[in-house]
Amino acid sequence: MSLREFLVKAKETGHLVTVSREVDPYLEMARVIDALDGRVALFESVKGSDYRVVSGICSQREYLALDLGVPQERLLLALAEVYANPVPPKIVEAAPCQEVIEREVDLNRIPILTHMEADGGPYVTAGVAVVKDPELGRNACYHRLMQLDERRFTTRIVEGRGTHTAMGKVEGDLEVAICLGVSLPVLLAAAMTPPQGVDELGIANALRPTSLVGCVTKDLEVPAEAEIVLEGRITQQTVSEGPFLDLTETWDIVRQQPVIEIDCITRRRDPIYHALLPGKLEHKTLMGMPREPGIYAAVNETCECCNVYITPGGMSWLHAVVQIRKRGADDGRRAIEAAFRGHGSLKHVVVVDQDVNPFDPYDVEWAIATRFQADRDLMVFEDQPSSSLDPSALHVPGQKARTAKMGLDATIPWRTRDGRLRSEGERAAFERVGYEAVDLEEYVLD
Ligand SMILES: Cc1cc2nc3c(=O)[nH]c(=O)nc-3n(C[C@H](O)[C@H](O)[C@H](O)COP(=O)(O)O)c2cc1C
């Protein structure tokens, strides 16, 4: 389903909010999107631009389930399935994203939002950057873009990931195509980190058919149904990138980052620009959810994983709850170690049994309160590589940030303090006991 087809679906199901009054992309639009957090919003009249703007399309798991045609509780399994089985996309000759070709580049025609007065500039936040690694092939990944002038951006390129390693393998500039207004499957796939050499667009295609088209000026292929494609080069020049309000709702560090020069813009006749509001629900859902299959796969290598939830309170990035079907006394501890392997940026993880709902913070806390003993069930890992997003980590310029990590095994303890294995009956004593249900209709209530 293209972005447009999704918007029709969102309208039919009552999820679409249409804003017809003119809105300014400088500060005002960010504030309106914030007030509508969690809703799909379409801005029909944008100050200074002919483009329409959409936001919030991935702000709820419900919207992803709607687009992919799977029930919400099966989303993780659907993602885990395609993560392991990408399908090479079909290449087409003509595409909606090339209805108009602009060789005279003027980025000012695009309604790029300035979110906060203190931002380093207007920021593109939902751009999927496609590059070709000379050895590993195509890579698709998000890179926020801070506008410098009418044809240049600076961009945040996290070290060690696909784009960064490809840059290290070419002399001079690296060709890039930044795709804006792409389908939900492309947005989801670009947020995943599959093993090196696996094509994210193949993952998108396995989720929903996603044809590609060759770029006009670059040797790259992009989703044919995209609204706008910026064809350009990542240069060797670096400038200050930021300030930028990030996922954690705190300011990211200002760093020296590469400049991207745009050589050509291709687009639909009446393009829709996708604005993703940093730090809010759409950012959080797209960061966390696509990491859950990686944790699920890693935990399944060591014990039986039933579900994974990267929680919004942990900025949808640093905290996860892992639900397992425990078959051995040490499964909880093994699941903790595996979860950290499955998502390198994970900082804290809680492991729960099958009778605890990982999506319910109250239930998870109940498991910690009734099953967990800190001197026995807490695992602490000192001085580990950290997410660059954690302000409390140790940050040294040019080096990977460092952090301590913690795992809580809040599963039923199968061993007693003296190491004896508890019988099934003894373990059952940890289960929650409920009252028999009654039908309130049968009672008179004042
Ligand atoms: C909304 C969103 C914004 C992101 N912004 C950036 C960014 O600015 N720079 C970056 O390097 N990664 C960013 N990421 C993370 C990458 O897209 C993600 O880690 C990607 O999967 C890396 O995969 P790769 O190793 O295959 O390149 C962002 C992710 C999301 C979901």
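Please arrange Ser20, Ser386 by accessible surface area, largest first, computed with a 1.4 Å probe and ligands excluded.
Of Ser20, Ser386, the descending order of accessible area is Ser20, Ser386.
Quote the relative contact order of the chain in percent (integer), defining contacts as alpha-carbon pairs under 8 Å separated by 6+ residues.
So the answer I get is 14 percent.
Kindly express, to the nearest 10 degrees and within the range 0 to 90, the angle between helix 331-342's C-alpha long axis and the longest C-alpha principal axis of the chain.
Taking Cα atoms only, the helix is inclined about 10 degrees.
Calculate the length of the line joining the C-alpha centroid of the range 245-273 to that of the range 70-136, in whole Å.
About 11 Å separates the Cα centre of the range 245-273 from the one of the range 70-136.
In degrees between 0 and 90, to the nearest 10, how far off the longest principal axis of the chain does helix 361-371 point, with axes built from Cα atoms?
30
State, as an integer percentage, the relative contact order of the range 7-60 based on alpha-carbon contacts under 8 Å between residues 6 or more apart.
35
What does DSSP give for the range 1-76 in terms of the percent of beta bridges that are antiparallel, rounded to the nearest 5?
Approximately 45 percent, going by the DSSP bridge assignments.
Based on the mean of other Cβ atoms within 10 Å per residue, sort peptides 387-393, 254-260 so the most packed one is first.
254-260, 387-393
Ignoring ligands, DNA and RNA, how do Arg151, Arg267 rank by accessible area with a 1.4 Å probe, largest first?
Largest to smallest exposure gives the sequence Arg151, Arg267.
Calculated from DSSP H runs of 4 or more alone, at -39500 (n - 2.57) each and per residue, what is the 222 nm mean residue ellipticity of the chain, nearest 500?
-6500 deg cm²/dmol
Using the per-residue mean of other Cβ atoms lying within 10 Å as a proxy for protection, in what order, highest first, do the peptides 272-283, 44-55 fall?
272-283, 44-55
By how many degrees, between 0 and 90 and to the nearest 10, does the Cα long axis of helix 75-84 differ from the longest principal axis of the chain?
70
If ligands, DNA and RNA are left out, what is the accessible area of His143 with a 1.4 Å probe, given in Å² to the nearest 10?
20
How many Lys pairs in the chain lie less than 19 angstrom apart by Cα atoms, where the lysines are 8 or more positions apart or on different chains?
Count of close lysine pairs: 8.
Excluding ligands and nucleic acids, what accessible area in Å² is computed for Leu77 using a 1.4 Å probe, to the nearest 10?
60
How do Asp446, Asp375, Asp363, Asp439 rank by accessible surface area computed with a 1.4 Å probe, from largest to smallest?
Putting Asp446, Asp375, Asp363, Asp439 in descending order of accessible area: Asp446, Asp375, Asp439, Asp363.
The values are calculated or read from the model by the stated rules, or taken from the named source; none is laboratory data. The shown structure was predicted, so the numbers you read here are calculated from the model rather than taken from an experiment. For neighbour counting, all protein chains shown are included, and Cβ atoms are generated from backbone atoms with ideal geometry for every residue, glycine included. Heads up: the accessible areas ignore ligands, DNA and RNA and are worked out on the full protein's heavy atoms, side chains in. Shrake-Rupley method; radii C 1.70, N 1.55, O 1.52, S 1.80 Å.
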